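Asker: Handing you a structure now.
The values are calculated or read from the model by the stated rules, or taken from the named source; none is laboratory data. No experiment lies behind these values; they were computed from the predicted model shown. With ideal geometry, Cβ positions are generated from the backbone for all residues, glycine too; neighbour counts draw on all protein chains shown.
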Amino acid sequence: MNRMLARRLVTNVSRMNVLMKSFSTQVAEDAGSLNEKLSKEHEKKQTISNNIQQYDVAIVGGGMAGMALACFLASLPMTKQLNVAIIDSNPALGSRLCIKKDDPPDPRVITVTPATISFLRDAGAWQYVEQSRHASFNKMQVWDYTGLGYTRYDARDVNKEVLGCVVENKVLHSALLSRVEATDFQKTIYPLRLTSMTLQPSSTSTVVDKFSSTASSSAQRNLAKLELSDGSSIYAKLVVGADGGKSRVRELAGFKTTEWNYSQNAIICTVEHSIENQCAWQRFLPSGPIALLPIGDKYSNIVWTMSPSESGHRKSMNDDDFVEDVNRALDYGYGPHPKSSLGTGDLFSWLNMDSTFSANQFFEIPPKVVKLASQRMVFRLSLRHVNTYASKRVVLIGDAAHTVHPLAGQGVNLGFGDAFTLSKIIAEGIALGNDIGEVHLLKRYETERKPANIMMMAVLESFQKAYTIDFGPLNVLRAAAFHGANYISPLKRSIISYASGDQKLPLFT
């Protein structure tokens, strides 16, 4: 009996050991599974947190205005530490264009003013332009088809070295990108499109979306959320719309515009001469102005404004006929050459106390075009201006805020002025400890830029209207304006200074 009990006890103990071992194994397995789940959950949360890309500034549009802003931010002590996203699907941002000096210049060019050159030089970008093809000019001649008057301008009239510099778009854009890349500026380029944008209402609000963890919602407070074309999202304290005339940022943020289309198109192209052109020429014709701008070597750029029907006809005509049309428009077509001496200098002698260098320069015929050196490109012309430039967390610059008639090549220069002013305002806000996306700070940018841009738009609009009307008395008034601008020294200096980018009204100074 005792033996039987002992045997049963041993058996039960053995079974108990097996059960305990099995239980221990199960507990270990469960613990391991739990740890694995916790680890995976932690990794998932960490991945989510890491995927929430946050930036100080998101620049939508990597064209001229957008890259200029990035360049200016990278050059200022208070802003060069910012973390910036640049959103643009243009492949030029990802792969550098090969610019060959032996190739004819691209027809898409910019006439850069001395003020813009100064901005770019201070930011360290102009040195890259100087290493590539560009053409400065220190003289300009303007006249109209009636033959009643002309005006000559000279950089020496205002103690400047140049009146402007003609640069290919791709050269200037490459210079801006090169400068940004040469710094330690924290930038991330997204080769994508902006699809939607959400602005958070207040600093106490939280974002409710697929990233709904406490850590992620806390990180997203009071930021703008930008959804991109690949389905990803980024967040920024400030969104800058630099995405051109068809701005997606402007549309999504609800900015209202005033706009209308001109009944005009512009043809642009590159032409070649037998000699080097060193002057900028502009002649007003009945349907719009034609400009001949030096671009280096024996090449010039043509910007010719005309009716849509004329642009369609001239784009389709053969090269030789087009070249003949260009020479006719710049020389003997539509009307006679202005006379170089009409005794007008005596008429204005009472205001000509300090004669300018160009006052007594004779009228010249532009160099003859011998060959078309590029394709002809046609653009429809329009005017657009936003009613406000800024709202909370969103601001517009360049063509996203305003587009103007290409009469004096001022559009891109206005955009550079926007970018420079905005970078300065952001730097001042950081120095004072302000939130760079707050509307009261961004309104300071609007206050500075809006009047200057509207004034330039008004001046260009007035010129465009005044020089496309063929009416006897008005023709005489235009002739008087040409002669007054040529012989009245204070007026001439004011016009040159204003066109050069000085923020002064084109009045006597």
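Asker: Collect the residues in region 369-380 that are basic (Lys, Arg) and surrounded by fewer than 19 Cβ atoms within 10 Å (Cβ to Cβ), keeping them in residue-number order.
Answerer: LYS371, ARG380
Asker: I need the full set of residues from region 434-449 which are under 19 Å from the mean Cα position of the chain (by Cα) and either among the hydroxyl-bearing types (Ser, Thr, Tyr) or surrounded by fewer than 20 Cβ atoms within 10 Å (Cβ to Cβ) (or both), in order please.
Answerer: Answer for region 434-449, where residues must be under 19 Å from the mean Cα position of the chain (by Cα) and either among the hydroxyl-bearing types (Ser, Thr, Tyr) or surrounded by fewer than 20 Cβ atoms within 10 Å (Cβ to Cβ) (or both): TYR445, GLU448.
Asker: Suppose the filter is more than 20 Å from ALA329 (Cα to Cα), crowded, with 20+ Cβ neighbours inside 10 Å, among the hydrophobic types (A, V, I, L, M, F, W, C) and in contact (Cβ under 8 Å) with a residue 40 or more places away in the chain; does VAL162 pass it?
Answerer: no
Asker: Residue check, LEU330 against (1) at pLDDT 95 or above; (2) surrounded by fewer than 19 Cβ atoms within 10 Å (Cβ to Cβ); (3) within 22 Å of SER311 (Cα to Cα), all met but one. Which one?
Answerer: (2)
Residues are listed down the side, and each one gets a yes or a no for (1) at pLDDT 95 or above; (2) charged (D, E, K, R); (3) within 11 Å of the chain's Cα centre (by Cα):
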position: LYS368; (1), (2), (3): yes, yes, no
position: ALA373; (1), (2), (3): yes, no, no
position: MET377; (1), (2), (3): yes, no, no
position: LEU381; (1), (2), (3): no, no, no
position: ASN387; (1), (2), (3): yes, no, no
position: LYS392; (1), (2), (3): no, yes, no
position: ILE397; (1), (2), (3): yes, no, yes
position: PHE416; (1), (2), (3): yes, no, yes
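Asker: Taking into account only those residues within region 381-395 that are closer than 13 Å to THR447 by Cα and of a type in the set (A, V, I, L, M, F, W, C), which is surrounded by the fewest Cβ atoms within 10 Å (Cβ to Cβ)?
Answerer: ALA390
Asker: Name the pairs: first residue in region 426-439 and more than 20 Å from LEU223 (Cβ to Cβ), second residue modelled with pLDDT of 95 or more and among the β-branched types (Val, Ile, Thr), Cβ to Cβ under 6 Å, at least 6 apart or on different chains?
Answerer: ALA427/THR79
Asker: Looking at PRO105, PRO114, can you tell me which residue is farther than 27 Å from VAL158 by Cβ and touching a residue at least 60 places away in the same chain (Cβ under 8 Å)?
Answerer: One residue alone meets the criteria, PRO105.
Asker: Oh, and also: Between SER132, SER89, SER136, SER75, which is in contact with a Pro (Cβ under 8 Å, 6 or more places away or on another chain) and at pLDDT 90 or above?
Answerer: SER89
Asker: Now for a separate question. Could you list, in sequence order, the residues of region 383-403 that are within 29 Å of ASP106 (Cα to Cα) and touching a His at 6+ places or on another chain (Cβ under 9 Å)?
Answerer: The first filter runs over region 383-403 and keeps only residues within 29 Å of ASP106 (Cα to Cα), leaving 383-385, 396-403.
If the condition is that a residue be within 29 Å of ASP106 (Cα to Cα) and touching a His at 6+ places or on another chain (Cβ under 9 Å), then LEU383, ARG384, HIS385, LEU396, ALA401, HIS402, THR403 are the ones that fit.
Asker: Evaluate region 116-129: report whether one residue or more is in a helix (DSSP H, G or I) and among the charged types (D, E, K, R).
Answerer: Narrowing region 116-129 to residues in a helix (DSSP H, G or I): 116-122, 126-129.
Checking which are among the charged types (D, E, K, R) leaves us with 121-122.
Within region 116-129 (the criterion being in a helix (DSSP H, G or I) and among the charged types (D, E, K, R)), the answer is yes, since at least one residue qualifies.
Asker: Can you tell me which residue is nearest to LEU285 (Cα to Cα) among those in region 145-184 that are in a helix (DSSP H, G or I), touching a Ser or Thr at 6+ places or on another chain (Cβ under 6 Å) and of a type outside the set (D, E, K, R)? Working first, answer last.
Answerer: The initial filter retains those residues of region 145-184 that are in a helix (DSSP H, G or I), namely 155-158, 169-181.
Adding the requirement that they be touching a Ser or Thr at 6+ places or on another chain (Cβ under 6 Å) leaves 157-158, 171.
With the extra rule that they be of a type outside the set (D, E, K, R), the set shrinks to 158, 171.
On the way: VAL158: 28, VAL171: 31 Å.
By that ranking, first place goes to VAL158.
Asker: Checking SER95 against (1) assigned to a strand (DSSP E or B); (2) at pLDDT below 90; (3) of a type in the set (Gly, Ala, Ser), which single condition isn't satisfied?
Answerer: (1)
Asker: In region 242-275, which residues are aromatic (Phe, Trp, Tyr), surrounded by 13 or more Cβ atoms within 10 Å (Cβ to Cβ) and more than 19 Å from the chain's Cα centre (by Cα)?
Answerer: Of the residues in region 242-275, the ones aromatic (Phe, Trp, Tyr) are 255, 260, 262.
Filter again for surrounded by 13 or more Cβ atoms within 10 Å (Cβ to Cβ), leaving 255, 262.
Correct list: TYR262 only.
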